[in-house]
Amino acid sequence: MYLGVGGTLGAISRYSLGIWIGERFGQAFPVHTLTINLLGCFLLSLFYTLTTTRFLVHPHFRSSFGTGFVGSFTTFSTFSYENVTLLQSAHYGLALLYIAASLLGGYLFTSLGIRLGNYEKGRIQQESE
């Protein structure tokens, strides 16, 4: 049940945010999917870092947020479809930019979420501590 609630909220959030971003930036470049996926990278890494290093949360809540909310909020299938569409319409540069921004941005936003989750008392905790 918790997973379903998280999934429902994530899907509604993705849809709503996608429309909001699409209205502001258009559809020529899939900025809506890129933004949502990068935000999902950040949220998941921050949440998992916090709930494994600082806060004890019930496993149902972890699943509800991680797998349910973030899993339905982000979308690899739309990313793949949009890339194939860009390639089929001979927008090779945009497709390459989209792939690079998604992969490099994903690593960057995941790293940022982990670093922020480890931030404590004005400093970043070192891995060796």
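At-a-glance table
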| item | result |
| --- | --- |
| Residue identified as within 16 Å of the chain's Cα centre (by Cα), assigned to a helix (DSSP H, G or I) and at negative phi among L87, L46, L94 | L46 |
| Residue in region 99-114 that is outside any helix (DSSP H, G or I) and surrounded by 14 or more Cβ atoms within 10 Å (Cβ to Cβ) present | no |
| Whichever residue in region 17-56 is free of Cβ contacts under 8 Å to residues at least 60 places away in the same chain, touching a helix residue (DSSP H, G or I) at 6+ places or on another chain (Cβ under 7 Å) and open to solvent by 40 Å² or more (accessible area, probe 1.4 Å) and, among such residues, is farthest from Y92 (Cα to Cα) | L17 |
| Verdict on L104 being closer than 16 Å to A28 by Cα and out of contact with any strand residue (DSSP E or B) (no Cβ under 7 Å at 6 or more places or on another chain) | no |
| Test: T85 is surrounded by fewer than 16 Cβ atoms within 10 Å (Cβ to Cβ) and free of Cβ contacts under 8 Å to residues at least 12 places away in the same chain | yes |
| Candidate set: region 57-69, residues that are of a type outside the set (S, T, Y) and in a helix (DSSP H, G or I); chosen: the one surrounded by the fewest Cβ atoms within 10 Å (Cβ to Cβ) | P59 |
| Residue list for region 102-117, restricted to those being more than 12 Å from C41 (Cβ to Cβ) and out of contact with any helix residue (DSSP H, G or I) (no Cβ under 6 Å at 6 or more places or on another chain) | R115 |
| Only listed residue being farther than 22 Å from Y2 by Cα and of a type in the set (S, T, Y), chosen from S111, S72 | S111 |
| Yes/no for L97 being modelled with pLDDT of 95 or more and aliphatic (A, V, I, L, M) | yes |
| All positions within region 1-16 that are farther than 24 Å from Y107 by Cα, in contact (Cβ under 8 Å) with a residue 24 or more places away in the chain, open to solvent by 50 Å² or more (accessible area, probe 1.4 Å) and not aromatic (F, W, Y) | L3, V5, T8, L9 |
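The values are calculated or read from the model by the stated rules, or taken from the named source; none is laboratory data. This one's a predicted model, so the numbers in the text were calculated from it and none came from an experiment. FYI the Cβ positions are ideal-geometry reconstructions off the backbone, even for glycines, and counts take in every protein chain you see. Protein only, heavy atoms only, side chains kept; ligands, DNA and RNA dropped before computing areas. Shrake-Rupley method; radii C 1.70, N 1.55, O 1.52, S 1.80 Å.
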